[in-house]
Amino acid sequence: EASAAENPIEIRTSLRLWLGIGVGAVLLAVVVVGWLSYSRRGSALTESDSILLTDFTNTTGDPVFDGTLKQALAVKLAESPFLNIVSERRVHETLRFMGRPPEERVTAALGREICQRQGVKAMMTGAIAPLGSTYVVTLKAVNCQTGDELASVQQEAASKEEVLKALGRAATALRGDLGEALSSIEKFNAPIEQATT
């Protein structure tokens, strides 16, 4: 009788043990996969890599954002000792060699072509779009060879006057996602209003 009564207890104990082992293995797998994807993302770029800025896609209908956001982003990213931004002069020269006007808008497709010709590892695309009465600023870094997204950040601006600040926050976040050390970001991170004046 005693052995018959102990059997269900032993079975329950054994089931709990195996269930605990199974849950532990799943958690370990999730942690390993998360760490691997984070470590790959964290080292998206190195200090020797260059990045090309494309022109912003502006779907707001407001021409004030045409050209100005790319210029502000270039100034903001130039304060980083980690990121090497491809100069406008080099972009214009490449466009000339491609038989295109040097002042042509650099779309994502054209940017990728320039990157491949120049051996540039990544490009950054930007977009601004209306969202009700607010604006959404999106920045994406893409590997020029594979087309894979390296990092992406979105920031919302409550008004037209806040767009520049949202762009600054997005640029700062993207610097970290591309592999720049937090200490470097904190040291070289002037407010975008100061950087662009």
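The values are calculated or read from the model by the stated rules, or taken from the named source; none is laboratory data. In this text the structure is predicted, and so the values were computed from the model without any measurement. Counting neighbours? That spans all protein chains shown, and the Cβs are built from the backbone with ideal geometry, glycine included. The protein model used for the area step is the full one, side chains on, heavy atoms only, and it has no ligands, DNA or RNA in it. Shrake-Rupley method; radii C 1.70, N 1.55, O 1.52, S 1.80 Å.
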Return the loop-located GluC sites (Glu not before Pro) in segment 96-143 (DSSP other than H, G, I, E, B) with at most 15 other Cβ atoms within 10 Å of their own Cβ; answer none if there are none. GLU103, GLU104
Can you give the alpha-carbon Rg of segment 103-197 over 2.2 N^0.38 Å, where N counts its residues? 1.18
Express the carbon and sulfur contribution to the solvent-accessible surface of segment 116-184 as a percent, rounded to the nearest whole number, probe 1.4 angstrom. 48 percent
Against the empirical 2.2 N^0.38 Å scaling, what ratio does the C-alpha Rg of segment 65-116 come to? 1.20
Sorted largest first, extent of the chain alpha carbons per principal axis (Å): 93, 40, 33
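Please report the relative contact order for the chain, taking Cα pairs under 8 Å with a sequence separation of at least 6, and give it as a percent rounded to a whole number. Don't skip to the answer; put the middle values down first.
Details: 275 pairs, mean separation 43.3, N = 197.
Here the relative contact order equals 22 percent.
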Which of ASN58, THR94, THR134, positive extreme of dipole for the chain (C-beta unit charges): THR94
Probe 1.4 Å - accessible area at ARG169, Å² to nearest ten: 100 Å²
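Rounded to the nearest 20 Debye, what is the dipole magnitude of the chain about its Cα centre when Lys and Arg each give +1 and Asp and Glu each give -1 at the C-beta? Walk me through the intermediate numbers first.
Working: 20 positive and 23 negative charges, 89 e Å.
With Lys and Arg at +1 and Asp and Glu at -1, about 420 debye.
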Heads up, I need the accessible area for GLU161: 1.4 angstrom probe, whole protein in place, Å², nearest 10. 140 Å²
Sorting check: for 46-56, 61-71, which peptide has the highest mean count of neighbouring beta carbons within 10 Å, and how do the rest follow? 46-56, 61-71
Can you give me the accessible area per residue for segment 108-173, using a 1.4 Å probe, in Å²? 45 Å²
Tell me what the chain gives for mean residue ellipticity at 222 nm when only DSSP H runs of n ≥ 4 count, each as -39,500 (n - 2.57), the sum divided by the residue total, rounded to 500 deg cm²/dmol. -16000 deg cm²/dmol
FRET efficiency for THR107 and LYS165 from the Cβ-Cβ distance with R0 = 30 Å, rounded to 0.05, comes out at 0.70
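Determine, from the Cβ-Cβ distance of ARG96 and THR146 and an R0 of 22 Å, the FRET efficiency 1/(1 + (r/R0)^6), rounded to the nearest 0.05.
On the way: r = 27 Å, r/R0 = 1.23.
Between ARG96 and THR146 the formula returns 0.25.
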Counting DSSP beta bridges with both partners in the chain, what percentage is antiparallel, nearest 5? 70 percent
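Inverting the mean 1/r over all pairs of different Cα atoms, compute the Kirkwood radius of segment 19-135 and quote it in Å.
Details: mean 1/r = 0.0587 Å⁻¹.
Kirkwood radius, segment 19-135: 17.0 Å.
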Cross-link pairs beyond the 18 Å C-alpha cut-off, checked among LYS121/LYS187; LYS70/LYS140; LYS76/LYS121; LYS121/LYS165: LYS121/LYS187; LYS76/LYS121; LYS121/LYS165
